[in-house]
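Enquirer: To start, I am sharing the structure in question, which I have written as C-alpha cells.
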Amino acid sequence: MNRTIVAACALAALLAGCDRKSKNAITKVNGAFVTQTETAVELRNLLWRSGEVWNELNADEQKARHETALENLINKRLITDFAAQHPDSPSSVRRESEEEFQHFHNQFQPPDEWKERMILQGLDERALRSRINDEVTHLHAIESWLSQQPGKVTEADARAWFDAHTKELTIPERVRASHIFLTRHDQDKLDREVEIRELHRKLTSGEATFEDLATRNSDDDSAKLRAGDLGWFTRDRVPREFAEKVFSLPVGETSAPLESHLGWHILMVKVKQPQRAATFDEMKIEIIAMLDREWREANIKRLIEELRANAKIESINSQISAIEP
C-alpha cells in the first residue's frame with residue numbers, strides 16, 4: 001500500500017470518527033465536541049462521588065446533575081486547551097502521574113480489587129492512566145498560573161482575620177483519660193460484665209494497678225500499648241454515653257464499669273482543660289490554610305470565567321435530559 005492510499009485511509013478514518021462524534025455531540029467547545037457518551041460517563045462519576053442513585057433523584061435533581069456534568073466537561077475542555085498553551089516538563093508530568101497511579105493502586109487489597117472498582121465506572125487501566133495524566137497536566141498548568149497571581153496570603157492576613165474573629169475562636173473543653181476496655185463484639189465472649197466487674201474489684205482492692213490491668217486485659221490494642229492511655233480528646237470525638245461519663249468524672253478518680261455500644265469500660269481521667277479562647281499561634285496554620293484555600297478557589301473561578309468569556313461554546317443538541325448514567 002503506497003503512502004497516498006495510507007494517507008487517504010487515515011483521513012477517512014479520522015473523518016468517520018469525527019462524524020460519529022458530531023452525531024453524538026451535545027456541545028462544541030473551541031471546535032472540540034462534548035459528546036453524549038462523555039456526558040453519561042461524567043454523570044456516572046458525579047453520582048459515584050456523591051453516593052447518589054440516579055433513579056432515586058426527582059426530575060429537578062436529575063436536571064441539576066445533567067447541568068453540572070455538562071459544565072464540568074466544558075470546564076475540562078477549557079483547562080485542557082489552557083494546559084496545552086502552558087506546557088510543563090513532560091518528564092515531571094509522567095513521573096507524578098505514575099506516582100498518583102501507584103498511590104491509587106496501593107489503596108486496594110487484594111491488589112486487583114481496584115480493577116473491579118474501575119469497571120463500575122466504565123474504566124480500564126489505560127483509561128484510568130489517561131485520566132490521571134490529564135488531571136496532573138491540568139494541575140501543573142493551574143499551579144504555574146497561580147504562582148504568578150498577586151495577593152498571596154501572608155501571616156499579616158492571618159493575623160487580621162484572627163483579630164476580626166477572636167470571639168468565635170475557642171479551644172473546646174478536653175480531657176486526657178485512660179480506659180480498660182472489653183469489647184462486646186467478641187463472638188466467643190458475649191457477656192463481658194462479669195469480667196469487667198472482676199477487673200474493677202482488683203483495681204479498687206489494690207490487687208493491681210490501672211496501668212497493669214489495661215496492659216494485660218484491654219481489647220483496645222492501640223491504647224493497651226500505652227497502658228490504657230487514650231490521649232487528649234474533646235466531647236465530639238467519642239461516643240455520647242462515653243463522653244457524658246468521662247467529662248463528669250473528677251481528675252484522678254476511677255469510674256465504675258460503664259457499658260457503651262462498643263463494650264465495657266473502666267475510666268480514669270488524668271487531666272482536664274476547660275474551654276478557653278484560642279491564641280493566634282495555635283490557630284495560625286489553620287487560618288493561613290483556610291485563607292489560602294479561599295484565595296486559590298477565587299482565582300481558579302476567575303480563570304474559568306475568563307476562559308469561558310474568550311471561548312466559542314456552541315450548543316448542538318438540547319436533548320441532554322435523555323442521557324442516563
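Enquirer: Filter the stretch 82-110 down to residues that are touching a His at 6+ places or on another chain (Cβ under 9 Å) and surrounded by fewer than 12 Cβ atoms within 10 Å (Cβ to Cβ) and give me whichever is nearest to Arg129 (Cα to Cα).
Expert: The initial filter retains those residues of the stretch 82-110 that are touching a His at 6+ places or on another chain (Cβ under 9 Å), namely 82-83, 86-89, 92-93, 96.
Right, trim to surrounded by fewer than 12 Cβ atoms within 10 Å (Cβ to Cβ) and you get 89, 92.
Numbers: Ser89: 18, Ser92: 15 Å.
This residue is Ser92.
Enquirer: If you take the residues in the stretch 145-167 that are of a type outside the set (A, V, I, L, M, F, W, C) and touching a Phe, Trp or Tyr at 6+ places or on another chain (Cβ under 8 Å), which one is surrounded by the fewest Cβ atoms within 10 Å (Cβ to Cβ)?
Expert: Step one: filter the stretch 145-167 for residues of a type outside the set (A, V, I, L, M, F, W, C), giving 147-152, 154-155, 157, 159, 163, 165-167.
Subsequent filtering for residues that are touching a Phe, Trp or Tyr at 6+ places or on another chain (Cβ under 8 Å) retains 151-152, 159.
Values: Gly151: 9, Lys152: 13, Arg159: 14.
That would be Gly151.
Enquirer: Glu71: more than 27 Å from Arg302 (Cβ to Cβ), modelled with pLDDT of 90 or more, out of contact with any Leu (no Cβ under 7 Å at 6 or more places or on another chain) and part of a helix (DSSP H, G or I), yes or no? If you could, list the steps in order and put the result at the bottom.
Expert: Numbers: more than 27 Å from Arg302 (Cβ to Cβ): no; modelled with pLDDT of 90 or more: yes; out of contact with any Leu (no Cβ under 7 Å at 6 or more places or on another chain): yes; part of a helix (DSSP H, G or I): yes.
So Glu71 does not fit the description; no.
Enquirer: Exactly one of (1) within 23 Å of Val41 (Cα to Cα); (2) within 20 Å of the chain's Cα centre (by Cα); (3) charged (D, E, K, R) is unmet by Glu99. Its number?
Expert: (1)
Enquirer: Quick one: Asp229 ticks every box in (1) closer than 30 Å to Glu61 by Cβ; (2) buried (at least 16 other Cβ atoms within 10 Å of the Cβ); (3) of a type in the set (Asp, Glu) bar one, so which box is it?
Expert: (1)
Enquirer: Quick one: is His179 farther than 22 Å from Glu294 by Cα, crowded, with 18+ Cβ neighbours inside 10 Å and touching a residue at least 60 places away in the same chain (Cβ under 8 Å)?
Expert: In short, yes.
Enquirer: Listed residues Asp81, Asp88; which is more than 30 Å from Ser222 (Cβ to Cβ), part of a helix (DSSP H, G or I) and either among the charged types (D, E, K, R) or at pLDDT 90 or above (or both)?
Expert: Working: Asp88 fails: part of a helix (DSSP H, G or I).
Selected residue: Asp81, the only one of Asp81, Asp88 that is more than 30 Å from Ser222 (Cβ to Cβ), part of a helix (DSSP H, G or I) and either among the charged types (D, E, K, R) or at pLDDT 90 or above (or both).
Enquirer: For the stretch 34-74, how many residues meet the condition of being in contact (Cβ under 8 Å) with a residue 60 or more places away in the chain and in contact with a strand residue (DSSP E or B) (Cβ under 9 Å, 6 or more places away or on another chain)?
Expert: 4
Enquirer: Kindly evaluate Asp220 against the criterion of being surrounded by 17 or more Cβ atoms within 10 Å (Cβ to Cβ), under 16 Å from Arg192 (Cβ atoms) and either touching an Asp or Glu at 6+ places or on another chain (Cβ under 9 Å) or touching a residue at least 12 places away in the same chain (Cβ under 8 Å) (or both).
Expert: Details: surrounded by 17 or more Cβ atoms within 10 Å (Cβ to Cβ): yes; under 16 Å from Arg192 (Cβ atoms): yes; either touching an Asp or Glu at 6+ places or on another chain (Cβ under 9 Å) or touching a residue at least 12 places away in the same chain (Cβ under 8 Å) (or both): yes.
In short, yes.
Enquirer: Within the stretch 266-273, is even one residue surrounded by 15 or more Cβ atoms within 10 Å (Cβ to Cβ) and under 17 Å from Glu193 (Cβ atoms)? Even if it seems obvious, please write down each step before you answer.
Expert: Step one: list which residues in the stretch 266-273 are surrounded by 15 or more Cβ atoms within 10 Å (Cβ to Cβ), which gives 266-269, 272.
If we keep only those that are under 17 Å from Glu193 (Cβ atoms) as well, we get 266-267.
Among the residues of the stretch 266-273, at least one is surrounded by 15 or more Cβ atoms within 10 Å (Cβ to Cβ) and under 17 Å from Glu193 (Cβ atoms), which makes the answer yes.
Enquirer: Which residue, of Ala243, Ala214, is without any contact (Cβ under 8 Å) to a residue 24 or more places away in the chain, buried (at least 16 other Cβ atoms within 10 Å of the Cβ) and either in contact with a helix residue (DSSP H, G or I) (Cβ under 8 Å, 6 or more places away or on another chain) or not in a helix (DSSP H, G or I) (or both)?
Expert: Numbers: Ala214 fails: without any contact (Cβ under 8 Å) to a residue 24 or more places away in the chain.
Only one candidate passes the filter, namely Ala243.
Enquirer: Moving on to the next point. Check the stretch 186-196 and report whether any residue there is surrounded by 15 or more Cβ atoms within 10 Å (Cβ to Cβ), among the aliphatic types (A, V, I, L, M) and under 38 Å from the mean Cα position of the chain (by Cα). Break it down stepwise before answering.
Expert: Narrowing the stretch 186-196 to residues surrounded by 15 or more Cβ atoms within 10 Å (Cβ to Cβ): 192, 196.
Filter once more, so that each one left must be among the aliphatic types (A, V, I, L, M): 196.
After this cut, where a residue has to be under 38 Å from the mean Cα position of the chain (by Cα) as well, the list is none.
Scanning the stretch 186-196 turns up no residue that is surrounded by 15 or more Cβ atoms within 10 Å (Cβ to Cβ), among the aliphatic types (A, V, I, L, M) and under 38 Å from the mean Cα position of the chain (by Cα).
Enquirer: On to the next question. Within the stretch 218-228, track down each residue that is modelled with pLDDT of 90 or more and in contact with a helix residue (DSSP H, G or I) (Cβ under 6 Å, 6 or more places away or on another chain).
Expert: Result: Ser218, Ala227, Gly228.
Yes or no, residue by residue, for (1) closer than 30 Å to Trp54 by Cβ; (2) free of Cβ contacts under 8 Å to residues at least 24 places away in the same chain; (3) among the basic types (Lys, Arg):
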{"residue": "Val251", "(1), (2), (3)": "no, yes, no"}
{"residue": "Trp264", "(1), (2), (3)": "no, no, no"}
{"residue": "Arg302", "(1), (2), (3)": "no, yes, yes"}
{"residue": "Arg308", "(1), (2), (3)": "yes, no, yes"}
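Enquirer: Return the only residue of Thr279, Thr204 being under 30 Å from Ala164 (Cβ atoms) and surrounded by fewer than 16 Cβ atoms within 10 Å (Cβ to Cβ). I'd like the intermediate steps shown before the answer.
Expert: Values: Thr204 fails: under 30 Å from Ala164 (Cβ atoms).
Answer to the selection: Thr279.
The values are calculated or read from the model by the stated rules, or taken from the named source; none is laboratory data. In this text the structure is predicted, and so the values were computed from the model without any measurement. Positions of Cβ are backbone-derived with ideal geometry, glycine not excepted, and every protein chain shown enters the neighbour counts.
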